[in-house]
Amino acid sequence: MIKRQLSEIVKKEMHIMLRDKQTILLLFLMPLALIFFMTLAFKGVYADKIYEKQISTMIENESKTPKANLLEQKITSNKLIKRVELPPGVDKDRIFEQGKAQVLVVIPGGFETGTSPVEIYFDPVFDTGYKVAVRSLMASLTVEVVMGIENIDAVVAGLITEKTRKDMIVPNPLQLTVPAYAIFAMFFIAIPMSIGFLKEKNDGTLQRLFTYAVSPNAIALGKIIPYYIINIIQFVLMLFVGVFIAPSLIGTPFQTGTHPWHLIPVTLVVAAATTGFGVLIATLAKTLEQTSTLAASGAILMGVLGGIMVPHFVMSPLMQKLAMISPIYWAHQSYLDVFLRNANLNIILPKLAVLLFFALACFLIAGRRVKWM
Amino acid sequence: MKALEISQISFSYHSSADQSAGGIGYALHHFSMSIEQGKIHALLGPNGAGKTTLMKIITGVLRGYAGDVFVLGNKMPDNKALISIGCAPQAIALYMSLTALENLHFFGVMANLSKDQIAARSDAVLAQTGLTDHAQKLVSTYSGGMQRRLNLAVALLHSPKLLLLDEPTVGVDPQTRNHIYETLSHLNASGMTILLSTHMMEEAARLCSSVTLLDKGEIIFDGPMAAIDNLEKFFLEKTGRGLRDD
């Protein structure tokens with residue numbers, strides 16, 4: 001009897017949820033859109049930052065000596081550099097204000113002898129990563145010209161070489177955004193979950209259920225299971241889009257790692273954490289307005305802390321430590337372990353233990369706070 | 001055997017510590033009443049008198065009360081006896097994004113009816129409440145009167161022996177009200193016992209053969225409807241004309 005009632009409550013919840021267009025938009029379309037837009041937005045921050053981006057650079061050759069001309073030619077022909085000329089009538093001191101260039105390189109007379117160094121000026125809002133790249137490029141090219149070396153990379157090749165595992169590709173934004181926004185959307189399940197619970201409490205249907213011989217456990221489970229299933233569907237859909245659709249649309253590859261079956265325990269535990277969060281919000285909120293506010297702001301805050309909006313590796317050391325209080329951090333790192341680090345299960349398990357602890361704590365607090373009427 | 005027997009029920013929404021500290025009152029206090037089988041009994045009282053609390057106690061929704069409740073001889077709360085009770089709450093307690101048939105199917109499973117029983121009884125109660133032609137429509141598309149009738153249909157689905165109705169005609173037009181009255185009269189004629197909680201005196205006078213009047217959780221009057229000449233006048237005399245804002 002309980003099994004039949006439980007199955008019927010699950011079916012009813014699924015029906016209600018899937019007929020709500022706003023819920024579908026929130027749970028499925030929002031993360032898909034975020035994956036596409038955020039991948040495109042972050043494209044420049046990853047591998048193609050160096051290989052595809054061109055930096056608008058103005059070159060002032062004050063020396064005009066053969067070596068200065070050679071340096072000017074080497075800078076101009078480098079694929080990182082897009083040479084721009086100073087438009088007529090524009091003061092070179094104001095080019096950054098007017099957005100004409102991002103870098104100004106001045107080659108003074110006597111740079112070959114070390115009496116006047118090559119000067120590099122940057123747009124004040126220029127990304128630090130690009131600054132390092134330009135500075136490194138200018139250093140290499142200047143050394144080549146001054147010391148008469150044809151190609152410094154060939155010279156240092158015997159001293160420094162980059163090694164990449166054969167089965168690894170360079171991490172790209174898609175590798176981060178697919179798990180990131182899948183997790184984010186999974187945490188957003190708290191909104192329909194808590195609204196559904198409060199609505200039934202307010203409209204009397206929950207009370208009506210108790211006039212039948214239905215156990216509270218069946219009602220609670222019947223409300224949790226559908227959202228747990230939806231969470232898993234969300235992740236599978238995001239993964240499908242990440243593997244099969246996004247690469248052809250965005251031109252960015254996606255790898256699932258050497259142990260893709262590790263995604264199963266990770267997703268099951270992440271879904272437990274997200275539904276736990278949903279149950280907690282459902283019991284904390286007293287009004288429908290409170291449910292939306294608590295669930296959305298909670299998910300966004302955990303997302304910001306956990307490295308969804310701003311990748312964890314670009315955070316300050318303090319923020320990187322603070323991120324650990326967010327369950328989203330542990331969920332995201334677990335997925336990155338599978339996708340990028342090819343980690344063994346014993347590396348992932350401690351992270352899953354943190355998520356399980358979070359889920360249990362949520363369920364425990366919710367169990368103590370729940371008021372069915 | 002009586003359909004419903006309530007003996008010395010006391011219930012408070014506040015804890016005993018709150019009560020001893022602040023003298024907070026009871027929603028029901030030493031309340032007793034009974035209904036013979038096959039009767040329609042009116043439960044009357046001003047707002048906050050304790051009518052809805054009593055309904056919740058009978059249906060097992062509220063527990064932790066003092067005293068005894070027996071439904072058809074079974075001491076409550078009792079899961080088997082719960083199935084013999086049908087309850088149409090004052091609120092439209094239906095799933096708006098489900099159809100009428102889906103609502104009936106859902107509550108049929110909750111009442112432990114078989115698939116065939118649900119199908120047969122759904123047809124019957126939809127016909128009884130005049131909703132057969134609207135069975136496949138989402139409840140959210142129903143008018144207020146149709147929703148009120150479906151609210152009643154769900155309560156009737158598992159053929160209860162005792163039907164509890166809390167304001168079953170609130171907010172409906174005279175046609176729907178009349179339809180509900182006729183439905184209740186037919187159900188009663190077939191042997192169903194009905195406890196009707198209402199603020200509409202003419203409704204109680206028209207349908208009910210006995211009445212319990214309660215106020216502030218205590219009984220003011222319990223007896224046959226025939227003993228009362230003018231129910232509205234009697235109600236105001238017993239409960240006062242002052243507004244109940246607390």
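Summary of values
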| read-out | value |
| --- | --- |
| Taking the stretch A:48-156 and dividing mean pair separation by its residue count, relative contact order in percent (alpha carbons under 8 Å, at least six apart) | 28 percent |
| Contour minus Cα-Cα distance for A:Met14 and A:Ser77 (0.36 nm per residue) | 16.6 nm |
| Per-residue mean of C-beta atoms belonging to partner chains within 10 Å, peptide A:208-221 | 6 |
| Aspartates and glutamates with Cα under 13 Å of A:Lys223, excluding same-chain neighbours fewer than 8 positions away | A:Glu8, A:Glu13, A:Glu200 |
| 15 Å cut-off, amide nitrogen to a point 7 angstrom out along B:Leu236 Cα→Cβ, residues in the stretch B:201-227 | B:201-202 |
| Under 18 Å from the Cα of B:Lys80 - lysines, other chains or at least 8 residues apart | A:Lys3, B:Lys2, B:Lys56, B:Lys161 |
| R0 of 22 Å, Cβ-Cβ distance A:Trp372-B:Val170: FRET efficiency to nearest 0.05 | 0.35 |
| Under 16 Å from A:Lys351, Cα to Cα: lysines that are on another chain or at least 8 residues apart | A:Lys321 |
| Computed E for A:Ile120/A:Lys201 - FRET, C-beta separation, R0 56 angstrom, nearest 0.05 | 0.30 |
| Degrees separating the helix B:115-128 axis from the principal Cα axis of chain B, which is the longest one | 80 degrees |
| Cα-only radius of gyration and Dmax that characterise the stretch A:209-349, units Å | 17.8, 57 |
| Within the stretch A:58-86, backbone nitrogen closer than 15 Å to the virtual label 7 Å beyond the Cα of A:Asp153 toward Cβ | A:74-81 |
| Convex hull of Cα atoms in the stretch A:48-156, direction-averaged projection (nm²) | 7.2 nm² |
| Chymotrypsin sites (Phe, Trp or Tyr not before Pro) restricted to DSSP loop in the stretch A:88-148 with at most 16 other C-beta within 10 Å | A:Phe126 |
| Chain B, accessible surface, carbon-and-sulfur percent (1.4 angstrom probe) | 49 percent |
| Helix B:144-156 vs. chain B, principal-axis angle (Cα, 0 to 90°, nearest 10) | 90 degrees |
| Spatial extent of chain B: Rg and Dmax, with the Cα atoms as the point set, Å | 18.2, 57 |
| Where Cα atoms sit under 21 Å apart: lysine pairs in the stretch A:48-156 separated by 8 or more or lying on different chains | 25 |
| Rg to Rh quotient for the protein assembly as shown, alpha carbon positions, Kirkwood Rh | 1.21 |
| Helix A:173-187 vs. chain A, principal-axis angle (Cα, 0 to 90°, nearest 10) | 20 degrees |
| Length released on extending from B:Arg206 to B:Lys75, taking residue separation times 0.36 nm less the Cα-Cα span | 44.0 nm |
| Å² per residue, accessible surface of chain A at 1.4 Å | 49 Å² |
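The values are calculated or read from the model by the stated rules, or taken from the named source; none is laboratory data. Source: prediction; values computed, not measured. Every residue, glycine as well, gets a Cβ built from its backbone with ideal geometry; the counts of neighbours run over all protein chains shown. Calculation scope for accessible area: heavy atoms of the full protein, side chains included, ligands and nucleic acids excluded. Shrake-Rupley method; radii C 1.70, N 1.55, O 1.52, S 1.80 Å.
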